[in-house]
Each structure stands twice: as C-alpha cells, then as structure tokens.
1. Which whole-number percent is the relative contact order of the range 98-225 (Cα, under 8 Å, 6+ apart)?
2. Return the whole-Å distance between the Cα centroid of the range 189-238 and the Cα centroid of the range 24-74.
3. Kindly provide the GluC sites (Glu not before Pro) of the range 1-88 that DSSP labels as loop, not H, G, I, E or B, and whose Cβ sees at most 16 other Cβ atoms within 10 Å.
4. Using Cα pairs under 8 angstrom and six or more residues apart, how large is the relative contact order of the chain, in percent?
5. Quickly work out the Val52-to-Arg27 label distance, labels modelled 7 Å from Cα along the C-beta direction, and quote it in nm with one decimal.
6. ³J(HN,Hα) across the range 28-43 via Karplus (A = 6.51, B = -1.76, C = 1.60, θ = phi - 60°), whole Hz, x for Gly/Pro?
7. Which of Ala166, Ala44, Gly117 sits closest to the plus end of the dipole of the chain, meaning its Cα is farthest towards the positive end, when Lys and Arg get +1 and Asp and Glu get -1 on the C-beta?
8. So what's the back-of-envelope 222 nm ellipticity for the chain, counting only DSSP H runs of four-plus at -39500 (n - 2.57) apiece and dividing by all residues, rounded to 500?
Amino acid sequence: MGRAGRALVRAPGPRIAEGIVTHAARRRVDAALAARQHEAYVAALRSAGWRVRAAPPADDRPDAVFIEDVLVVAGDLAIVCRSGEERRRGERPGAELAARELGLRIERIKDPGTLDGGDVLSVGDTVYVGRGDRTNEEGICQLAHLLGGRKVVPVDTRGCLHLKSALTALPDGGLIGIPEMVDTSVLPCLRVAPEPSGAHVVPLGPDHVLMAASAPRTAAGLAADGLRVTSVDISEFEALDGCVTCLCVLVP
C-alpha cells in the first residue's frame, strides 16, 4: 500500500498558535516546535514508503496544516469540503490545486451542505460520516451522491470535534476508538482505546500504523497484536484539537 501511495501535507504556518480550539484546553502553542514536529511526521510518512507532496502554503490560515479536513479522496476523485466552521473555508484553493496536480478529478460540497474531511472514515466499501458541528445532513447526502454506490453510514458524535477524533480504522478494517463519543449502534464493533489519542491511527501499510506518542498503552497493545507501530510527537497539534489523521491526506 505505502510504496504505491502519495501523501498530501501542508506545513504549519506562522499563525498556527491562533488556531481554533473547540474541545482542548487552550494553551500556548510553540510554532517553532510545531514546525519540527511536522517535519518528523513527514519523515515518518516517507520512511513508510509514501511519496510526500506539499500543498501550497496558506500562511494566513492558522488551521491550514490540518489538510485532511479540506479534502476527501476516493479512488481518482477528490472532494473539496465545505466546513461548518466558516473561518476554515479559505483553506480550500491551495488544497484543490494540489489535488489537481496529483491528477485527481475534482468535485465540491456545495451550500447549504457542510462537510469536514475529519468526519469521513472509509473502511472497505463502507464510509462512516460523523454528523456534528462541522458536518450536516445535507453535506452527508452530497457526499453519498458523489461516492456513487458506496455505503454511507451517518454516525452521531458528541464531545469531540470530528468522527476521527473519536474513532479510526486499523489496517484490517477493525475500528478503534472511544465509545462514549459516538453512536455505537450503527457500528459493527469498536475496540476501546485505553487513552484518548489511542483512537487515532493512520494505516501506513497492511501491518503498519502511525500514532501519536501520547498513546503509549494503545501502541503497546497494537504491537502485541503484531502491528508495527510508528509513534510521533504531535503535542502542539493536539493542543489545537488535532491528531495524526488530520495532518495528511493519503492517496493510495
């Protein structure tokens, strides 16, 4: 998977400390440290075989580093999202340009629909979509139309920014997360993460995941199950409600 894949990222800008905080406790963010952590994150993607492509900078947009929220990629299609948070909509042009340069077809979520990529979790032929502050019913309907025949399952969220703040998928398709934050009645099963950031994994290959260094117990459990775990320190992004999934868009 990784050897044939491309990873789209965007470096943090100088205003990152001004990023929107909804659920985390606001604290000072060190922009220089965030830049170093992002470089280490990108290095981890490259080490796993992903070819990294940088989207154009958006230095006037504090949250632009969280590029996952702007694009949903399915096959050769890139869907440009329309966030429920109006302050983030200016991040779209550069991300769309990067998707075009990768040769992807472009579609867009249109008003009155809202959708954040962080609410979209693809698992095989099923796409789970978080329904909350950033993503509404109309956005989910537009996404389902654009995805054609794939099964789209809305999932109500609570106490978290995005669906992928609460759960993600392991390489085998199994879900891991925090059951208190999602409507588990629409999920097939959910492995409980022993710490909040343990809910966030990026599958880098069939037996390889990327995780935050703040989830050592989860990492140990996954390693015991035979997965290769790469941990990265993303503390400055976690202070802005971010997680490892937010910082890239993988294009297998």
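Please treat every number below as a calculation from the coordinates, not as lab data. Computed from a predicted structure; not experimentally measured. As a convention, Cβ positions derive from the backbone with ideal geometry for all residues, glycine included, and neighbour counts pool all protein chains shown.
1. So the answer I get is 17 percent.
2. 18 Å
3. Taking the range 1-88 and a limit of 16 other Cβ atoms within 10 Å, the loop GluC sites (Glu not before Pro) found are Glu85.
4. 22 percent
5. 2.5 nm
6. Taking θ as phi minus 60°, the curve returns 5, 10, 8, 5, 5, 5, 4, 5, 5, 5, 5, 4, 5, 4, 4, 4 Hz for the range 28-43.
7. Of the candidates, Ala44 comes out farthest on the positive side.
8. -6000 deg cm²/dmol
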